[in-house]
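The values are calculated or read from the model by the stated rules, or taken from the named source; none is laboratory data. All figures in this text were calculated on a predicted structure; none of them were measured in a lab. As a convention, Cβ positions derive from the backbone with ideal geometry for all residues, glycine included, and neighbour counts pool all protein chains shown. Side chains are part of the model used for accessible areas, which takes the heavy atoms of the whole protein and leaves out ligands, DNA and RNA. Shrake-Rupley method; radii C 1.70, N 1.55, O 1.52, S 1.80 Å.
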Amino acid sequence: MTMKIAYQGVSGAYSHIAARRLFPGQEYIACDTFEKAMSLVHEKQIDLAVIPVENSNAGRVADVHFLLPKSGLYIVGEYFLRIEHQLWGLPGSRLENIETAYSHPQALAQCSEFLKKNCIMPVARIDTAKSCSDIIRENDVKQAAVASQLAGEIYGLQKLASNIENAANNTTRFLIMSPQKEIPEYDGGKYITSFIFHAKNIPAALYKALGGFATNGINITKLESYLLDGKFVSAQFYVEIEAHPAQQAYKNAFEELAFFSQEVNILGTYLANPYRDL
């Protein structure tokens, strides 16, 4: 049976590429927003969503961490995609004549050195692949788009420059989101558990809440905070640890966390991608 995989963007977007590599030969559903992609999965109209959460150069993807606890979905896997940006122009255009380049703000930031060197002004658009259709619509040979190889091929554009990203290791991490909790059986391998907690508003609450992970020998690989409801006195924390619920150390650490937290929301436990060890 063919699965339906949701992603944010249009055909040729990096999320589309990640979905194709993770789930070859399936049906890929383009969504205007991350929220829409997650909503379709939550309503069980779509099987899974592939959502970008962070880039090795540009940092975390805006809004995604706010949406995760509200989505009602669970993280069941992760994937790391090497990002290779190409500069695309209309057929017949030339690099030396390009004045502006359209793309998503993160993609433009990841190619800032190339754009500056070639005196090309970056122009922010909602999506990398959508930028290809923008320059076709505007029909100006002085405009270009920063997008993937797949996007340029889909829109029939001319490649003006290859691999223009600042860093050779430019990589985006994606999460696989499911409406069902799927905890893999522990086999002694490396697993990641993602969760969100709201620390009590008392002195040293964060220190004590996380102390149990240190005393139980659990590695915290990610810790990010963001404000709740626009209030500067109330923070929520997104955490990723290397641990599985079957481990006693995991159980001990979460028991201690509960004493100093108002709420703990486990988003999922999943096998660590081999890319982490490269």
- request: Mind checking the range 166-215 for chymotrypsin sites (Phe, Trp or Tyr not before Pro) that DSSP puts in a loop (not H, G, I, E or B) and that have at most 14 other Cβ atoms within 10 Å?
  value: Tyr186
field: Pairs beyond 26 Å (Cα-Cα), from Lys130/Lys222; Lys181/Lys208; Lys36/Lys181
entry: Lys130/Lys222; Lys181/Lys208
Full-extension gain in nm, Tyr226 to Ile183, via 0.36 nm per residue minus C-alpha separation: 12.8 nm
- line: Checking Gly77, Gly212, Gly152 against a Gaussian network model of the chain (alpha-carbon springs below 10 Å), the top fluctuating residue turns out to be Gly212
field: Rounded, prolate or oblate (a/c below 1.5 giving rounded, otherwise prolate when a/b exceeds b/c) for the range 109-253 by Cα gyration tensor
entry: prolate
- request: Report the local net charge at Ser133: Lys and Arg +1, Asp and Glu -1, summed over other residues whose C-beta lies under 11 Å from its C-beta.
  value: 0
message: Could you tell me the relative contact order of the range 159-278? Use alpha-carbon pairs under 8 Å, at least six residues apart, and round to a whole percent.
response: 37 percent
- prompt: When the helices in the chain are scored as -39500 (n - 2.57) per DSSP H run of 4 or longer and the sum is shared across all residues, what 222 nm value do you end up with, to the nearest 500 deg cm²/dmol?
  reply: -8000 deg cm²/dmol
field: Test item: Cα-centred dipole of the chain, Lys/Arg +1 and Asp/Glu -1 on Cβ, debye
entry: 200 debye
message: Please compute the per residue accessible area over the chain with all protein chains in place, 1.4 Å probe, rounded to a whole number of Å².
response: 48 Å²
task: Taking the Cα atoms of the chain, report the difference between the largest and smallest coordinate on each principal axis, in whole Å and largest first.
output: 65, 47, 36
task: Note the angle between two axes, namely the Cα long axis of helix 128-138 and the longest principal axis of the Cα atoms of the chain, as a number of degrees from 0 to 90, rounded to the nearest 10.
output: 30 degrees
query: With springs only between Cα atoms under 10 Å, which of Glu182, Glu242, Glu255 fluctuates most in a Gaussian network model of the chain?
result: Glu255
statement: If the chain between Leu278 and Asp32 were fully extended at 0.36 nm per residue, the gain over the current Cα-Cα distance would be 85.2 nm
- prompt: In degrees from 0 to 90, rounded to the nearest 10, what is the angle of the helix 205-215 Cα long axis to the longest principal axis of the chain?
  reply: 80 degrees
- prompt: Over the range 1-135, what is the percentage of antiparallel beta bridges among all DSSP beta bridges, to the nearest 5?
  reply: 15 percent
task: Could you look at the range 153-262 and say what percent of its accessible area is carbon and sulfur, using a 1.4 Å probe and all protein chains?
output: 51 percent
field: Chain lengthening between Lys159 and Glu255 when straightened (0.36 nm per residue, less Cα-Cα)
entry: 29.0 nm
task: Please report the relative contact order for the chain, taking Cα pairs under 8 Å with a sequence separation of at least 6, and give it as a percent rounded to a whole number.
output: 22 percent
